[in-house]
Amino acid sequence: SPDQPMTTQEVVEWTKKLNYGTWRYQKSWNPMHIVDAEGCYFTDANGKRYLDFSAQLMCSNLGHKNAAVIKAIADQAQKLAYIMPSYATDARVELSRLLLEVLPEGITKFFFTTSGTEANEAAFKIARMYTGKTKIIARYRSYHGSTMASIAATGDPRRWAMEPGGKGQGFLFAPEVNCYKCPIKHTYPECGIACADYLEHMIENESDVAAVIVEPVVGTNGVLVPPKEYFPKLREICDRRGVLLIADEVMSGWGRTGEWFAVDHWGVKPDILVTAKGITSAYVPLGLCATTGKIAEYFEDHFFAHGHTYEAHPITLAPAVAAIREMQRLNLINRAKEVGAYLGEKLKALKPKHPSIGEVRGLGMFWAIELVRDQEKKTPFNTKQDKVDGKATVVDQVAAEMLKRGVSIQAWISHFVIAPPLIIEKAEIDTAVDALDQALAIADKAL
Ligand code: PLP
């Protein structure tokens, strides 16, 4: 009866019957029933606790049940839950002024959305309106979101289902920076950053290029950290060729890499910075498309043709202020650097023990372990096609084994993305790395 609480079996069955499970064949969806979360842990309906080694979708940076963020949500709901975005609110001004403190210098005008993908849509439209040009160059190993333009800019195979008919116009792909497996078969540093030269070659040979969009440290597609020369070179190319540089910091922002934003590692200032996830530590859905003052000036006397009902929604903004202040109070940027270095050392120590590990790479609290069938040839266990065909990949099998051992980890095609809440303790890292050490036996056996 409706008065009786549902059993876990009922919750799972109703969920599967009435909802879509994303990025999968529906029949393969068997969701766990989660009832609670605190700090770096979440708890299922049987009372089993899981240590979250990937901060959910690399977004719960502050961990769960942060009292200050929860209070900010409740207070804002009491005070002013919603007002349309054409009005001024305290919450929007407070957050915007705080953003000026933490974003790269020169990024001074803000448009708030409720997701990363919408923030990228805004970036593409702003770039096109501002430049009067159309084409956007992205890179193959990338994810920029699921809505029509963002998926068209996504290099990874999540784009394939939308091709060719549904693919947005004007999106092109350059090779990614991946010094472990260079897509254009060069070797760093002798290459002189040939992947950036290739990108310039594309701009030179295409007409009508408005912008280049990059994840400064690639996230889901394997925590690819560019060599130090890449970003200064890309900035110089974009300046010389009159093309905007969009930094998609949806995942890499908010301390994840040990700086407020990944571009801060190279002192490079993008024209547009897009972010979401960690801006509220995922307590409420908020995305941000932030531009330079120069771009903002253009719209003083040109029509800004964009907006949403839920743009700058007060309940999304007030907790962002609280979340950023908590990051400052807890000194989480430095913590991500220091505890992240410990995490990196622990993960690197796994490599000599496991023939299935190809590379351990990352920075801050942002790491990937890429698995291979053959360390010499760097042959992956699974292909992108396996992923879109819904096959159980080796990394998925290892992740399932870790879950049995009480640790949650994100896996994608042939690597894990390890990005715990920035509050994680060293002892918790030890526990999670031990579970990974044990679970990797599955991959070692599959060689
Ligand atoms: N951009 C990057 C780099 C991402 O990692 C993601 C999500 O994982 C997105 C954009 C899309 O953000 P959202 O899922 O909030 O739409």
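No value in this document is a laboratory result; all are computed from the given coordinates. What you see is a predicted model; the values in this text were computed from it and never measured. So basically every Cβ, Gly included, is an ideal-geometry build from the backbone, and we count neighbours across all protein chains shown.
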field: the chain: most fluctuating residue of G344, G278, G253 per GNM, C-alpha cutoff 10 Å
entry: G344
task: Please give the per residue volume of the convex hull enclosing the alpha carbon atoms of the chain, rounded to a whole number of Å³.
output: 155
message: Kirkwood hydrodynamic radius, computed over distinct alpha-carbon pairs, for the range 67-329: how many Å, to one decimal?
response: 18.8
- prompt: Of A211, A88, A435, which has the largest mean-square fluctuation in a 10 Å C-alpha GNM of the chain?
  reply: A88
query: W412's amide H: which non-local residues (gap 5+, or another chain) put their own amide H closer than 5 Å, with H modeled 1.01 Å from N in plane and none for Pro or chain starts?
result: V417
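Quick one: if you take sqrt(5λ) for each eigenvalue of the C-alpha gyration tensor of the range 282-438, what semi-axes come out, biggest first, whole angstrom? It would help to have the intermediate numbers written out before the result.
On the way: eigenvalues 273, 98, 50 Å².
Over the Cα atoms of the range 282-438, the semi-axes work out to 37, 22, 16 Å.
Might you report the magnitude of the Cβ-based charge dipole of the range 111-175 about its Cα centre, with Lys and Arg at +1 and Asp and Glu at -1, to the nearest 20 debye?
In debye, rounded to 20, the range 111-175 gives about 220.
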- line: If unit charges are put on Cβ atoms (+1 for Lys and Arg, -1 for Asp and Glu) and the dipole of the chain is taken about its Cα centre, the option from F53, V214, L317 lying farthest towards the positive end turns out to be F53
field: GluC sites (Glu not before Pro) restricted to DSSP loop in the range 246-350 with at most 15 other C-beta within 10 Å
entry: E300
query: Cross-link partners among aspartates and glutamates for K377, C-alpha distance below 15 Å, same-chain residues fewer than 8 apart left out?
result: E359
statement: Ordered by fewest other Cβ atoms within 10 Å, a rough proxy for footprinting exposure, F366, F261 read F261, F366
- prompt: To the nearest µm²/s, what D does Stokes-Einstein give for the range 153-246 at 25 °C and 0.890 mPa s, using the Kirkwood radius over alpha carbon pairs as Rh?
  reply: 171
- prompt: What list of ³J(HN,Hα) couplings, whole Hz, do you get for the range 260-272 from phi and the Karplus terms 6.51, -1.76, 1.60, once you set θ to phi - 60° and write x for glycine and proline?
  reply: 4, 10, 4, 4, 4, 4, 10, x, 8, 9, x, 7, 9
message: So if I restrict to the alpha-carbon atoms in the range 254-321, what is the Rg, and what is Dmax, the biggest pairwise distance, in Å?
response: 14.1, 39
query: How big is the charge dipole of the range 67-329 about its Cα centre, in debye rounded to the nearest 20, if each Lys and Arg gets +1 on its Cβ and each Asp and Glu gets -1 on its Cβ?
result: 420
- prompt: Which of the lysines could be linked to K133 by a straight reach, that is with a Cα gap under 20 Å, when you skip same-chain ones fewer than 8 residues away?
  reply: K125, K167, K294
query: Among K351/K387; K277/K387; K348/K384; K337/K426; K384/K404, which pairs are too far apart, with a Cα-Cα distance over 22 Å?
result: K351/K387; K277/K387; K348/K384; K384/K404
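Shape of the range 299-367 from its Cα gyration tensor (a ≥ b ≥ c, root eigenvalues): rounded if a/c is under 1.5, otherwise prolate when a/b > b/c, or oblate?
Here the range 299-367 falls in the prolate category.
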